[in-house]
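Asker: Below is the structure I would like to discuss, written out as structure tokens.
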Amino acid sequence: MSTYDRDLVDVLKLFALQSFTEAIGLDSNYALAFAGRSLALIDNSTNFVTGEAIPEGFAKALADARHALALAPELAEGQMALAEIFAWGSHDFAQANEAWERAKSLAPGDARILREYGLFAATMSRPDAVLVGARRALVLDPLGARSHFALGQTLFLARSIPGVGGGLQGCLGNAPMRKYSLRN
């Protein structure tokens with residue numbers, strides 16, 4: 001990834017956090033904005049910060065996720081945020097699994113939740129559930145490059161190497177303008 005691309009990603013992550021914070025400032029009962037900010041904080045803590053900023057980010061994400069669920073107990077995105085915090089922040093995989101199951105039951109047709117659940121299931125070596133989420137997400141979002149890429153990632157994590165090419169090729173086919181290519 002070029003310096004320009006990294007800088008652009010950093011700017012977009014900061015913009016997402018600021019946008020969710022602004023939405024919360026406009027409506028302190030906007031549960032979906034709390035869940036969204038929680039997910040943005042998780043992504044930031046998992047991928048972009050170091051040192052003490054990591055546990056601080058997860059603590060803020062947990063507070064936002066719990067607040068979102070206090071406002072809207074049936075909010076699937078809030079459950080998804082909890083699942084991600086438990087899995088990658090505190091490594092409490094039993095609680096993460098419970099939160100994922102609740103998120104899936106609340107939003108069985110949400111491609112993002114199913115994609116992320118598929119990756120979690122693959123990481124946890126749950127062959128019964130690994131492909132269900134990723135393949136269902138692809139059915140729901142067949143043109144989305146993220147769905148194809150998530151299927152490829154899930155297959156890779158599940159050690160199903162023969163199927164990886166198809167998932168990742170589908171990602172490329174739906175995003176032909178990307179400069180990154182598996183074909184080269």
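Asker: Identify, please: which residue in the stretch 21-66 is among the polar types (S, T, N, Q) and more than 21 Å from Gln95 (Cα to Cα) and is, among those, surrounded by the most Cβ atoms within 10 Å (Cβ to Cβ)?
Answerer: That would be Asn44.
Asker: Exactly one condition in (1) in the same structural domain as Ser147 (by TED's automatic domain parsing); (2) out of contact with any Ser or Thr (no Cβ under 7 Å at 6 or more places or on another chain); (3) of a type in the set (Gly, Ala, Ser) is false for Ala40; which is it?
Answerer: (1)
Asker: If I filter the stretch 67-98 down to residues being aliphatic (A, V, I, L, M), over 14 Å from Gly133 (Cβ atoms) and surrounded by 24 or more Cβ atoms within 10 Å (Cβ to Cβ), which single residue comes out as nearest to the chain's Cα centre (by Cα)?
Answerer: This residue is Ala81.
Asker: Considering the stretch 119-144 alone, what residues qualify as being part of a loop (DSSP other than H, G, I, E, B) and modelled with pLDDT of 85 or more?
Answerer: Asp141, Pro142, Leu143
The values are calculated or read from the model by the stated rules, or taken from the named source; none is laboratory data. This is a predicted model, so every value here is computed, not measured. So basically every Cβ, Gly included, is an ideal-geometry build from the backbone, and we count neighbours across all protein chains shown.
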